[in-house]
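The values are calculated or read from the model by the stated rules, or taken from the named source; none is laboratory data. Owing to the predicted nature of the structure, the values given are computational and were not obtained by experimental measurement. Please note: Cβ atoms are built from the backbone with ideal geometry, for glycine as well, and neighbour counts cover all protein chains shown.
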Amino acid sequence: MSKDRRNLECSVMWSGEPTFNACYESIEKQTYVPETIHIIKDISPLNEAINERHKRMGGEFSVKVDADFILYPNCFEVLYKTMRKKGRGYYAVSGLVEDTFMGPIGGIHLERSALVKPLQVPNVIGCDRFIQKEMEKRGYKFYESRQVLARHKVDWSWQNVFSRYFRVGQKHLFYRTQRHEDYIKNIGRKWIEGDSVAFLALLGYCHGLLTPNDKEKSKGFAEEEIKQVESLIGYKVIPRPEKT
């Protein structure tokens with residue numbers, strides 16, 4: 001298929017991941033090529049990186065891409081056509097990313113720049129969820145396609161694996177993610193099949209479940225989630241007591 005340019009741009013969220021070059025190459029190979037590629041580099045915390053992205057938005061549509069995503073060639077085309085089909089009542093559409101341990105998860109968002117650009121995102125758990133709630137208040141919808149449009153290209157260092165799934169665990173504790181059991185089973189299955197790195201992912205995930213963020217809605221531990229983990233790994237997980 002020949003390359004096609006639309007009123008489309010993308011932002012690559014890069015925090016030092018060694019996978020950046022492979023990610024960038026996958027963007028260049030898109031059937032719908034973005035007119036502009038913004039590199040949002042080494043800005044933390046995450047909400048400040050998101051706010052910087054919003055400042056740079058200029059096209060009609062903007063796609064947010066993490067630097068450890070390898071996009072399938074039709075990724076932008078699918079998102080663009082989906083948004084056109086959904087219409088102006090939608091501020092964003094998204095596609096799934098194939099994660100090594102958790103299977104298909106949400107990740108790639110195409111947004112209407114004019115709607116999202118004015119938003120200032122505070123330092124919260126789950127910036128995308130914050131944006132979604134704010135847009136819903138304004139009467140705009142979000143649509144998640146079940147089509148897998150990319151895969152993670154993982155940095156397999158133990159520090160990266162542990163910290164990545166630690167953050168996932170904290171987010172799932174905060175939001176009580178409905179697909180929690182699926183994630184646990186997928187990671188556990190990889191470990192049982194002999195993938196030693198999956199054990200690091202499981203450790204990080206469990207630690208995230210046991211470490212409420214300062215913004216955690218309830219300081220109680222995720223008892224049901226921990227019971228599922230205990231059943232899977234065959235060990236008793238004893239959470240540290242809360243400070244009183």
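Structure summary
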| item | result |
| --- | --- |
| Candidates ARG56, ARG88 - the one that is in contact (Cβ under 8 Å) with a residue 40 or more places away in the chain, under 26 Å from GLN120 (Cβ atoms) and either of a type in the set (A, V, I, L, M, F, W, C) or in the same structural domain as GLU136 (by TED's automatic domain parsing) (or both) | ARG56 |
| Any hit, the range 73-82, residues being within 30 Å of ALA198 (Cα to Cα) and in a helix (DSSP H, G or I) | yes |
| Yes/no for ARG151 being farther than 22 Å from SER15 by Cβ and in a strand (DSSP E or B) | no |
| Failed item, numbered, when TRP14 is tested on (1) under 17 Å from the mean Cα position of the chain (by Cα); (2) surrounded by fewer than 16 Cβ atoms within 10 Å (Cβ to Cβ); (3) hydrophobic (A, V, I, L, M, F, W, C) | (2) |
| Residue check for SER26: out of contact with any Cys (no Cβ under 9 Å at 6 or more places or on another chain) and either under 18 Å from GLY107 (Cα atoms) or at pLDDT 95 or above (or both) | no |
| Members of the range 155-194 that are outside any helix (DSSP H, G or I), free of Cβ contacts under 8 Å to residues at least 60 places away in the same chain and among the acidic types (Asp, Glu) | GLU193 |
